[in-house]
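**Q** Handing you a structure now.
Bear in mind that the values in this text are calculations on the coordinates, not laboratory data. Note that the coordinates shown come from a computational prediction; the quantities given were computed from them, not determined experimentally. Positions of Cβ are backbone-derived with ideal geometry, glycine not excepted, and every protein chain shown enters the neighbour counts.
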């Protein structure tokens, strides 16, 4: 069984964005795609920097960005998460994975969060009944379990969920490093 610093449950805009940043920061990262993202059914014309794109293409680009920096994408459905010493064991039908930090980026789905006793609250977005309760950094009531994107109560728009995934990833990286982390590339001439 492989040990990861970060396991991200979800590979839509929030999850892939989080995976991109954690992997780029050198953190051993795995992220999981169950293939049912809302974005897979979307046409996106309201995402900054993108003139218009089919949701599946946007997902593929984001996931490829994360794997480019070393994140491991698993096309597996996470069925359970259990505390294991200082971290967690993530279970899928295909295998098990260990990670110190978990980021829930499960879109409109809170069942997995509820199964592992992560606190939920009422959602405010249309058709989003429940969300994971998080603090300003994205932390849940469970140590080292974070949440990002729609499941954490932000707007369902891809630009917002992607940004929230990045924000939470920066907070996770900062906690791992013990100091504030910044990822800012500059043009090379």
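**Q** Work out, step by step, the length gained on full extension between residue 91 and residue 116: first 0.36 nm times the residue separation, then minus their alpha carbon distance; give nm to one decimal.
**A** Net length gain for the segment: 7.8 nm.
**Q** Let me have the relative contact order for segment 51-141, percent, based on Cα pairs under 8 Å that are six or more residues apart. Let's see the in-between values first.
**A** Working: 91 pairs, mean separation 13.5, N = 91.
About 15 percent, as a whole number.
**Q** Still on this structure, please answer the following. Can you sort 104, 109 from fewest to most other Cβ atoms within 10 Å of each residue's own Cβ?
**A** Details: 104 32, 109 17.
Ordered from fewest to most neighbouring Cβ atoms within 10 Å, 104, 109 come out as 109, 104.
**Q** Here is a follow-up. Which peptide among 11-20, 176-185 comes first, and what is the full order, when sorted by highest mean count of other Cβ atoms within 10 Å? Intermediate results must be reported in sequence, preceding the final value.
**A** On the way: 11-20: 31.6, 176-185: 10.5.
Averaged packing, sorted descending, gives the order 11-20, 176-185.
**Q** Could you work out which residue, out of 50, 134, 78, moves most in a Gaussian network model of the chain, that is, has the largest mean-square fluctuation with Cα springs under 10 Å?
**A** Comparing 50, 134, 78 in the GNM, the peak value goes to 50.
**Q** So which residue, out of 96, 106, 158, gets the largest mean-square fluctuation from a GNM of the chain using Cα contacts under 10 Å as springs?
**A** It is 96.
**Q** Under the 0.36 nm per residue contour assumption, what length would be gained going from the current alpha-carbon distance of residue 124 and residue 64 to full extension?
**A** Working: separation 60, 0.36 × 60 = 21.60 nm, distance 3.13 nm.
That works out to 18.5 nm of additional length.
**Q** Using 1/(1 + (r/R0)^6) with R0 = 45 angstrom and r between the beta carbons of residue 45 and residue 174, what's the FRET efficiency to the nearest 0.05? Please report the intermediate quantities before stating the final value.
**A** Numbers: r = 33 Å, r/R0 = 0.74.
About 0.85, to the nearest 0.05.
**Q** For a test of the definition: using alpha carbon positions, the gyration tensor, and the 1.5 limit on a/c, classify the chain as rounded, prolate or oblate.
**A** On the way: a/c = 1.37, a/b = 1.11, b/c = 1.24.
Judged from the Cα gyration tensor, the chain comes out rounded (a/c under 1.5).
**Q** Can you give the relative contact order of segment 3-177 as a percent, counting alpha carbon pairs under 8 Å and 6+ residues apart? If you can, show how the numbers build up before the last one.
**A** On the way: 404 pairs, mean separation 45.3, N = 175.
The value is 26 percent.
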